[in-house]
Every structure is written in structure tokens, then in C-alpha cells.
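Notes follow the structure.
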Protein chains: 2
Amino acid sequence: MRILIVEDTTDVAEAASASLGRAGFACDIAPTLADARACADITGYAAIVLDLNLPDGSGRDFLRERRRAGDLTPVLVLTAQFSVEDRVGALDEGADDYLVKPFDLRELEARLRALTRREAGRAENRVRLGSLDFDAGAQSLRVGGAAVTATRRELALLNLLIANRGRIMPKERLFDGLFGFENADVGTNTIELYVARLRKKLSGSGVVIETHRGLGYRLDLDG
Amino acid sequence: MRILIVEDTTDVAEAASASLGRAGFACDIAPTLADARACADITGYAAIVLDLNLPDGSGRDFLRERRRAGDLTPVLVLTAQFSVEDRVGALDEGADDYLVKPFDLRELEARLRALTRREAGRAENRVRLGSLDFDAGAQSLRVGGAAVTATRRELALLNLLIANRGRIMPKERLFDGLFGFENADVGTNTIELYVARLRKKLSGSGVVIETHRGLGYRLDLDG
DNA sequence: GCGCGGATGACAGCTTCATGACAGCTTGGC
DNA sequence: GCCAAGCTGTCATGAAGCTGTCATCCGCGC
């Protein structure tokens with residue numbers, strides 16, 4: 001799950017990025033509207049966190065542009081405490097949620113999870129599939145009732161595959177979801193590596209990750 | 001979810017009550033410290049909204065009393081815009097959050113939700129897990145029947161971990177739970193330190209604190 | 001059988017965590 | 001007020017294990 005953070009205050013952006021990173025999101029930071037446009041044009045995001053006060057204009061312009069262009073990526077707007085006008089305006093222009101600064105990082109994380117979950121058509125964080133039990137909020141994974149430990153990357157990959165269950169996911173897409181721009185030089189072999197590691201941990205769960213040569217991977221129930 | 005609003009300005013109190021009522025909270029209003037004490041003695045609250053300027057004294061006195069009595073109900077303090085002294089003092093005395101007047105009702109609602117959610121998942125103060133017996137109200141800890149002394153910080157950490165038993169808690173989250181805004185410059189290493197100290201005291205209790213690298217810590221029964 | 005995309009074991013680098021020692025500060029007793 | 005005791009948080013050092021690369025092997029599809 002890749003998130004774009006459009007925020008010019010370095011401290012805030014990096015704190016959010018670190019926190020969301022732990023929660024399994026891969027984050028890109030754009031300190032200006034121009035950067036945000038560039039990022040959004042290059043790749044797709046599961047959600048966008050958008051500050052309204054930016055050095056080269058208002059985030060509302062960016063939001064309006066994207067919506068006009070038919071982009072439905074969920075947007076969470078960050079607003080100053082007293083700018084009720086901005087907040088309401090942003091919602092009218094298609095923002096999906098807002099948070100008043102200063103905000104709690106947990107709140108941001110919870111809301112982003114809600115937004116991205118809504119997109120995947122899932123009602124709750126917890127998913128049961130075969131004998132597999134995955135809770136994205138608690139970062140917990142069980143196979144046949146037994147707790148299975150998994151690393152951050154493994155969980156992020158599983159999350160992506162489950163969110164797109166039954167669909168073939170191109171390797172590039174998985175790559176984009178796992179790594180931000182700062183990790184662009186990572187070899188694509190890495191995806192294969194993590195698929196293998198995940199498969200080992202999911203064995204016996206009734207859930208399989210199928211390989212589709214030249215196309216990508218698909219997670220689904222066995223058989 | 002029942003909330004106590006300690007506030008003498010009728011307009012503000014009633015507006016807040018109405019707004020929170022719509023958000024699903026049941027509110028009691030106490031315009032004086034005396035009323036607040038009476039209410040708090042009669043029933044428990046999911047959270048307390050506390051104005052510091054009251055006709056019969058400072059809300060800080062009330063807050064200090066409750067904390068001394070072992071009451072851990074989340075308290076959100078309302079302060080005037082420029083009374084930094086009061087704000088910091090209140091946080092030191094155990095307030096969980098503050099809001100500067102005039103505030104937006106939606107913000108109050110969001111913060112209360114955050115406070116009560118943090119507290120959720122625990123019906124009573126006393127928790128028994130393995131041979132561990134922890135009473136958050138009395139701040140007492142027993143392992144295998146024997147009393148174990150623990151410091152304030154250690155107990156706070158244990159409290160947080162137990163309230164989120166079975167869930168992986170990111171270090172930031174534990175940090176937020178242990179330190180207020182005024183301690184923002186404390187190194188995150190501190191969490192690791194207290195985890196180590198706690199582990200020593202919990203050894204042999206059947207309860208363990210697992211490390212999940214890059215994700216956080218999780219408390220659960222051993223095995 | 002051949003070629004190419006994928007699978008997988010081994011490994012080194014590096015981030016993250018564990019832990020003992022220590023100094024500053026707070027608190028409580030006198 | 002002073003002193004002692006203990007709580008707190010910093011630092012440094014070493015361990016642990018996650019991460020991604022490489023090399024090699026596999027097997028599908030032609």
C-alpha cells in the first residue's frame with residue numbers, strides 16, 4: 001500500500017512517514033504541489049495525505065485537479081485548527097476525510113487504514129481465508145489457529161495480495177506497493193524472494209500464491 | 001460512553017454536550033469543582049473534559065486529587081490561549097490531552113474518541129494473566145502471589161501493553177502513551193530500556209513481551 | 001532440448017534491539 | 001534544608017535478525 005504525503009513541514013512529513021512505514025505503508029513525500037503532481041503522474045497511490053498550506057499554492061487546487069481528471073484516489077486533508085472554511089471546502093471538492101493539526105499519528109494511521117480498506121471493499125481489518133486469519137491492525141497472522149510471525153515486508157506483501165485477492169498482480173505493482181521512490185534501486189528479484197518466504201509461512205493454510213508467468217502473482221484459496 | 005464536562009460557562013458546556021451527544025456520548029455537566037467531585041464519586045466516566053478556570057478553584061486541583069486517588073480516567077483539559085503554564089502543569093499532573101479555547105467542537109469530539117478508544121478493551125482495572133496480577137487502579141503488581149515493586153513508568157508501560165494484549169504495539173505508540181508533549185525530546189531508546197526492565201520483573205509470570213523487529217512489542221501469554 | 005522467467009539457499013551489510021553502567025534529578029525522611 | 005535513596009533517561013557496546021544481492025537450480029512453454 002503506497003501513500004503520498006503532500007506536506008512541506010519536514011518534521012511532520014517524516015514523522016508521519018516513519019509511523020505509517022511501521023504500519024505497513026510505503027510512503028513518498030512531496031513538499032510542494034509541483035512534486036505532488038510529478039509523483040501522482042508517475043505512479044498510483046492507495047491514498048493521499050494532503051496538507052492545504054503549501055509553498056506553491058493550496059492543496060485544494062491539487063485536489064480539484066485530480067478529481068476533474070477522474071482520479072478517485074482517497075484523499076485525507078490536513079487543515080489548521082481554525083480554517084473551518086478550508087475544511088468544508090475541501091470536503092466539497094472531493095476529500096474523503098480530514099484531520100486537524102496537530103494530529104495524533106495513531107489517528108492518521110487508523111483513518112488511512114479505513115480509507116484504503118473501503119477501497120478494497122473490506123468492511124473490517126480482519127480477514128479470514130481458508131485457515132488463515134490476518135489482522136492488518138494488530139499486524140497479526142495466524143494459520144490454523146497458530147500464531148505465525150512475519151516481518152514488516154512480508155506483512156505488507158500479504159496485505160497487498162489479500163486486498164487484491166483473486167486478481168493477478170503484476171510484479172511491478174507489488175514492487176510499487178512495497179517500496180517508495182527512495183528504494184527504487186532495489187532489484188525486482190526481491191518480490192520473488194518475499195513471495196517465496198510468504199509461501200513458506202502460508203503453507204497448509206488453504207491459501208496459495210499462484211505464479212502466472214510474465215503476468216504476476218495471484219493469491220486465492222487453493223483448488 | 002459517559003463523559004463528564006467540568007465547565008462553568010453554560011453556553012460552552014451545553015454546546016459541547018449537544019455536539020458530543022450527537023456523536024454518541026452521554027454527557028454530565030458539572031459547573032463547579034464541588035459538582036465535579038460529586039459526579040465523579042457517584043459514577044465512572046470514559047473521560048473527563050476539564051476547564052481549569054472554575055468559580056470555586058482550579059481544575060488542576062481536581063485533576064491532582066483524582067490522580068492521587070489512583071483514578072486513571074482520561075482527562076482532557078481546556079485552557080485559555082496563553083496560559084502555557086497551566087497547560088504544562090496540567091499535563092504534569094496527569095492530564096491526557098488539552099485543547100486551547102476557543103476550540104472547534106469537532107476537534108473535541110475527535111480527541112475524546114481517541115482518548116476513550118485508547119482506554120477501551122478493558123472493563124475493569126484488575127487484570128490476571130498467567131501468574132501475573134495487575135491492578136491499574138491500585139498500581140499494584142503481583143507475580144505468583146508475591147508483590148513486585150515497579151516504578152511509575154514501568155507500570156504505565158505494563159498498563160499499555162496489557163490493554164493491548166495480543167496486539168503488536170509500535171514503539172511510537174508506546175512512547176506516546178508513556179510521555180506527554182513536554183517530554184517529546186526523550187530518546188526512543190527509553191522504550192527499549194523500560195521493556196527490558198519490565199521483562200526482568202515479569203520473568204516467571206507466564207507472560208512475555210515479544211519483540212517484533214521493525215514493528216513493535218507484543219505482550220501475551222508465553223507459548 | 002533450449003531459453004527465459006521464476007525459485008531458493010546462502011550470505012554480508014545494516015538497521016534495530018538488548019543491556020550494563022552512569023549521572024542528573026526527584027522524592028521523601030529527618 | 002539537607003541528605004540519602006531510588007527513579008530516569010543517556011550512552012556505548014554488542015547481539016540479533018531483517019533485508020536484499022548473488023549465484024545456482026528449476027521447470028514451464030515452445
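The values are calculated or read from the model by the stated rules, or taken from the named source; none is laboratory data. All of these numbers come straight from a predicted model, not from anything done at the bench. Methodologically, a virtual Cβ is constructed for each residue, glycine included, from the backbone with ideal geometry; neighbour enumeration extends over all protein chains shown. Just the protein is used for accessible areas: all its heavy atoms, side chains included, with ligands, DNA and RNA removed. Shrake-Rupley method; radii C 1.70, N 1.55, O 1.52, S 1.80 Å.
Key figures for this structure:
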item	result
Scope region A:158-193; condition open to solvent by 30 Å² or more (accessible area, probe 1.4 Å), closer than 15 Å to A:A26 by Cα and among the small types (G, A, S); matching residues	A:A184
Of residues in region B:212-223 being surrounded by fewer than 17 Cβ atoms within 10 Å (Cβ to Cβ) and farther than 16 Å from B:N159 by Cα, the one modelled with the highest pLDDT	B:R213
Of all residues in region A:158-198 being more than 10 Å from DNA strand D (Cβ to nearest atom) and within 14 Å of chain B (Cβ to nearest Cβ), the one that is nearest to A:Y217 (Cα to Cα)	A:L158
Qualifying residue in region A:207-223 (condition: more than 16 Å from DNA strand D (Cβ to nearest atom) and under 29 Å from B:N164 (Cα atoms))	yes
Count - residues of region B:199-211 that are at pLDDT below 95, within 14 Å of DNA strand C (Cβ to nearest atom) and open to solvent by less than 40 Å² (accessible area, probe 1.4 Å)	1
Lone unmet requirement of (1) within 14 Å of another protein chain (Cβ to nearest Cβ); (2) near DNA strand D (Cβ under 10 Å from one of its atoms); (3) open to solvent by 30 Å² or more (accessible area, probe 1.4 Å) for A:L155	(3)
Any hit, region A:149-169, residues being at pLDDT below 90 and either within 14 Å of DNA strand C (Cβ to nearest atom) or in contact with a helix residue (DSSP H, G or I) (Cβ under 8 Å, 6 or more places away or on another chain) (or both)	yes
In region B:69-87, the residues that are at pLDDT below 70 and surrounded by fewer than 16 Cβ atoms within 10 Å (Cβ to Cβ)	B:A69, B:G70, B:Q81, B:F82, B:S83, B:V84
Only one of A:E172, A:E119, A:E182 that is touching a Pro at 6+ places or on another chain (Cβ under 9 Å), modelled with pLDDT under 90 and not basic (K, R)	A:E119
Pairs, first surrounded by fewer than 17 Cβ atoms within 10 Å (Cβ to Cβ) in region A:20-43, second part of a helix (DSSP H, G or I), C-beta under 6 Å, six or more apart	A:T43/A:D176
